[in-house]
Amino acid sequence: MSRSASFLVRSEADLKVDEKSLQQWVVGFCIIRFDLEQGQLIEECYPAGCLTHNEELEVAFSSFPDSVSQNHNRSSIHDCIFFFRVRRQGNPQVAHLPSSEIVEVNKTQASQMTASDKVLKQRSKIQTGANSRYLYGFVFNRQRHDERLKRGGEQKSVVILSHNPFSSVFRPLLQIMGPLYFDIGKKALNFIASYVSMWPVPVPGQLMELPIGNATLKVNLPPAHCMPLDCGVLFEELASPIAPFLPSSQSVPQGLFHDADLFGTFRGLLMQLWKLWELLLIGEPILIIAPTPPQCCEAVAGLVSLVAPLLCSIDFRPYFTIHDPDFAHLNSLQEGAAFPPMILGVTNLFFLKSLRRIPHVLSVGNPVMNAARLPFSARASTGRIPAGPEGLSLPNLSLNRFTPSNFLNAMKLRRDGPLCLMTEHKEAFWSSYAPITKPDTSILNRLIDAGMSPRVEESMSVVNNDILRRHFLELTTNFLAPFGPYYRPTTPSEGSSPYVDPPPLPTFNAEDFLSSLSARGPGKFLLKRMKSNWLDLYRRFLKGHNFLPWFQRKRAVAEQEQYRMWRQARMRADIQHFIARMSELEIVDTFNAIERHLLGELQACAFLNLW
């Protein structure tokens with residue numbers, strides 16, 4: 001990978017960096033070198049002081065593959081792009097609270113506020129993500145093999161750090177920034193920072209054109225409703241409508257990591273996607289092991305994207321290493337202790353033994369394909385991954401057709417367990433979970449065989465991803481539909497006074513909900529695709545870690561929308577018309593209500609002026 005000859009940088013005299021604007025997109029840039037004697041060393045960190053010392057160590061350890069690949073000719077250069085997610089360590093009071101607890105704290109505080117105070121509190125959230133609990137690192141790693149160097153090679157990584165999981169932005173940006181750094185050195189950090197600081201404020205769910213030199217990145221940002229709870233999304237953005245189905249353009253995102261290559265990553269395990277969807281839905285822990293960091297982080301991103309438009313609240317780590325501070329806690333779990341709800345992407349086989357209590361293990365990727373180099377280095381700004389030159393044949397779709405050899409191989413895999421990966425990597429899934437959703441063979445039959453042409457295969461991969469993503473979006477949307485009445489705002493009825501407080505949203509009780517749902521059913525779409533015990537999936541979802549944060553966010557957005565509609569109704573109302581029909585006592589009550597609303601508006605204006 002090399003910098004395009006058409007990419008031009010400005011002269012140093014033109015370089016101006018607005019750090020406040022820069023932080024709307026990135027926390028900082030790092031250059032990290034692997035030293036044989038001292039290990040990972042941060043050579044540059046821009047802007048200075050953007051990380052604590054412990055965060056610098058964690059970022060450094062997460063920015064290199066576990067081992068240098070030796071499957072290449074000597075005297076050659078090999079690049080790969082991957083990303084990781086680590087905890088921020090600057091806010092210890094928040095860092096170890098699960099998402100549901102944070103939402104519950106906010107809910108308790110909100111119960112002591114008026115309607116306008118609640119709206120004001122939400123509007124005050126800043127977009128820079130200063131209180132984010134997690135940091136995303138997008139890595140351009142270069143391995144240079146040269147027998148003249150000590151130990152025959154060297155490694156260096158260029159890292160973009162952000163509070164936001166904007167993979168559609170930072171992957172193509174790395175394709176420019178990485179080679180540019182190796183061309184002109186640390187001046188590349190100032191160049192890229194100056195460009196990024198000129199970008200407009202990120203708007204979730206929108207197509208954005210971001211200039212970089214004489215080029216422009218055209219990217220779709222993920223919508224606000226699926227952004228993690230700590231990303232500093234403005235509250236008004238959460239009220240953006242959620243389409244029940246994918247729009248005509250597959251590039252329009254409906255969830256996080258919409259650019260993940262579902263088909264290319266899981267094409268050897270397509271029949272398992274419905275079981276994986278259920279496990280993600282109810283928040284079960286999953287260990288994903290792959291030969292390379294790009295492959296494992298692509299698999300984690302693909303699974304997170306599978307449950308769109310649901311807010312994925314469980315912890316996910318696209319590339320997890322033994323140096324992560326959370327590893328010590330996970331490794332010390334006692335026999336019988338429940339494993340925390342999280343998705344871990346790893347390449348180190350040591351995790352198969354140290355995290356043997358994790359109930360679901362997924363193995364993906366192919367070492368021979370060596371996706372650490374091909375997928376991300378060849379990825380276009382759309383985020384699509386071209387597949388390997390071997391093409392795709394129908395047997396590779398892995399529809400698990402019954403044959404004696406397939407049956408024997410499956411029995412052998414189950415008997416050997418995940419530890420069989422210690423001797424040979426193979427794609428497999430170990431889980432005792434009994435899924436309720438049946439694989440939709442009509443969807444699988446629509447997937448297209450790409451033949452032997454890599455160019456055709458890349459185009460067909462886009463089509464196949466669209467088919468899969470549309471289906472799982474429809475599946476998730478239909479599953480969540482029964483909760484709709486509990487976050488549906490009401491408007492003032494015609495002729496009624498808009499000056500009274502709006503009615504509260506319906507009270508949610510899990511047992512009453514399940515009883516009502518059992519009586520009326522989940523709808524034809526789900527009944528055709530689920531077994532008779534479909535209600536058990538709703539029970540597990542209600543008890544899982546994804547339900548409460550998603551449901552409380554939906555309720556908060558509905559309250560915001562209801563407040564907005566009643567406010568508009570008050571502004572349009574003819575007060576004389578209402579007073580003419582009121583008793584003296586009702587007029588006094590209305591006057592008090594109007595006074596209360598006006599005071600709330602004045603307080604809101606005064607508070608917002610402080611920001």
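Computed over every Cα-Cα pair of region 453-507 and binned at 10 Å starting from 0, the pair-distance distribution P(r) comes out as 18, 23, 19, 16, 13, 8, 2 percent.
Extension gain for Asp146-Phe513 works out to 125.6 nm (0.36 nm per residue, less the C-alpha to C-alpha distance).
With no solvent and one equal point scatterer placed on each C-alpha of region 431-584, evaluate the Debye formula and give log10 I(q)/I(0) for q = 0.11 Å⁻¹, two decimals. Values, matching the q order: -0.68. Ellipsoid semi-axes for region 415-510, based on the Cα gyration tensor and the rule √(5λ), read 47, 23, 12 Å when sorted largest first.
Taking a point 7 Å from the Cα of Arg539 along the Cα-to-Cβ direction, the residues of region 505-522 with backbone N closer than 20 Å to it are 509-522. Distant-in-sequence amide contacts of Phe82, defined by a placed amide H-H separation under 5 Å and a gap of 5 or more residues or a different chain, comprise Val139, Asn141. Amide H contacts of Arg317 (H built 1.01 Å from N, in plane; Pro and chain starts excluded): Ile343, Leu344, Gly345 sit under 5 Å, all sequence-distant by 5 or more or on other chains. Listed values for region 167-178 are Karplus-derived 3J(HN,Hα) couplings in whole Hz (6.51 cos²θ - 1.76 cosθ + 1.60, θ = phi - 60°), namely 5, 5, 8, 7, 5, x, 5, 5, 5, 8, 5, x, and x replaces Gly and Pro.
From most to least packed by mean Cβ count within 10 Å, the peptides 205-215, 432-442 give 205-215, 432-442. Loop-located GluC sites (Glu not before Pro) in region 463-536 (DSSP state other than H, G, I, E, B) with a sparse environment of at most 15 neighbouring Cβ atoms within 10 Å: Glu494. Here the Karplus curve 6.51 cos²θ - 1.76 cosθ + 1.60, taken at θ = phi - 60°, turns the phi angles of region 222-227 into couplings of x, x, 5, 5, 10, 5 Hz, with x standing for Gly and Pro.
The share of C-alpha pairs in region 175-222 whose separation exceeds 12 Å stands at 66 percent.
Rounded to the nearest Hz, the phi-derived 3J(HN,Hα) couplings of region 475-489 under the Karplus curve 6.51 cos²θ - 1.76 cosθ + 1.60 (θ = phi - 60°) are 5, 5, 4, 5, 5, 7, 4, x, 7, x, x, 7, 10, 9, x, where x marks glycine and proline.
For Arg88, the amide hydrogen comes within under 5 Å of the amide hydrogens of Tyr134, Leu135, counting only partners 5 or more places away or on other chains and with H modelled in the peptide plane. Model label sites at Ala604 and Val203, defined 7 Å from Cα along the beta-carbon direction, differ in position by 2.2 nm.
One way to sum up the overall shape of region 513-594 is the equivalent ellipsoid from its Cα gyration tensor, whose semi-axes run 45, 16, 12 Å, largest first. Computed on the Cα atoms alone, the convex hull of region 148-207 gives a volume of 115 cubic angstrom per residue. Counting only protein heavy atoms and a 1.4 Å probe, region 499-600 has 60 square angstrom of accessible area per residue. These residues, Asp261, Asp416, go from largest to smallest accessible area, 1.4 Å probe, as Asp416, Asp261.
The values are calculated or read from the model by the stated rules, or taken from the named source; none is laboratory data. Just so it is clear, the model here is predicted, and its values are computed rather than measured. A quick note on method: Cβ atoms are made from the backbone with ideal geometry, for glycine too, and the neighbour counts reach across all protein chains shown. Surface accessibility is based on the protein's heavy atoms, side chains included, excluding ligands, DNA and RNA. Shrake-Rupley method; radii C 1.70, N 1.55, O 1.52, S 1.80 Å.
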